[in-house]
1. Compute the relative contact order of the chain as a whole-number percentage, counting only Cα pairs closer than 8 Å that sit 6 or more residues apart in sequence.
2. Kindly sort Lys11, Lys6, Lys110 by accessible area of their heavy atoms, largest first, with the probe set to 1.4 Å.
3. Grab the DSSP H runs of the chain that are 4 residues or longer, score each as -39,500 (n - 2.57), total them, divide by all residues and round the 222 nm result to the nearest 500 deg cm²/dmol.
4. So who's got an amide H within less than 5 Å of the one on Leu83, skipping anything under 5 residues away but keeping other chains? H placed 1.01 Å off N, in plane.
5. What ³J(HN,Hα) values, in whole Hz, does the Karplus curve 6.51 cos²θ - 1.76 cosθ + 1.60 give for the stretch 147-155 when θ = phi - 60°, with x put for Gly and Pro?
6. With angles folded into 0 to 90 degrees, how steeply does helix 2-11 sit against the dominant principal axis of the chain? Use alpha carbons for both and round to 10.
7. Return the long-range amide H neighbours of Ser76 (sequence gap of 5 or more, or a different chain), with a cut-off of under 5 Å between placed amide H atoms.
8. What's the angle, to the nearest 10 degrees (0 to 90), between helix 46-62's Cα axis and the longest principal axis of the chain?
Amino acid sequence: MTEKIKETAEKYLKDDSYFIVDVISKGTAGRTKVLVLLDADEGVNIDDCAELSRALGNDIEENEIIEDAYILEVSSPGLDHPLSMKRQFAKNVGRSLRILLKDGGEIRGKFTAMENDELTIIKEESSKKNKKKSTEGETVKIPFGSIEKANVLVSFK
């Protein structure tokens, strides 16, 4: 069902700069919640989400993609949702990331570039003595395929 909803949602995207990050379905028959995560190369706003929600909701109803009662929510991924697509990484160059690697390692730092399926990160290490973060400046290349999970870190500077 989620793949069908994703395909249907993609029909209603304004242009090629918009993309569906994920479709998450939770619950049981009659109490299903469908979350569609919409993003764009230049970001999305509430009107973009509302437009897609109306068009997708109508299509779901007309074509009976979901037979029982459901709740449809269209939203941008938000900071709590990990980056999963190369397009998401590309639009976050310049921001700080927390990257968990498939080998169990973790890297935090400023994401400076993405080339040839590799991310360039200027590592940030925390000092255990004073618990303040200090930039070490070591530049590392991380192959996209070695990333288990990556999140944008919020900066309040």
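The values are calculated or read from the model by the stated rules, or taken from the named source; none is laboratory data. Quantities reported herein were computed from a predicted structural model and do not represent experimental measurements. Cβ atoms come from the backbone with ideal geometry, glycine included; neighbour counts cover every protein chain shown. Each accessible area value is taken on the protein alone, full model and side chains, heavy atoms only, with ligands, DNA and RNA left out. Shrake-Rupley method; radii C 1.70, N 1.55, O 1.52, S 1.80 Å.
1. In percent, rounded to a whole number, it is 18.
2. I get Lys11, Lys110, Lys6, largest accessible area first.
3. -6000 deg cm²/dmol
4. Ala150, Asn151, Val152
5. Calculated HN-Hα couplings, in order: 8, 7, 7, 9, 10, 6, 8, 7, 10 Hz.
6. 90
7. Amide H to amide H, under 5 Å and 5 or more residues apart or across chains, Ser76 pairs with Leu38.
8. Taking Cα atoms only, the helix is inclined about 40 degrees.
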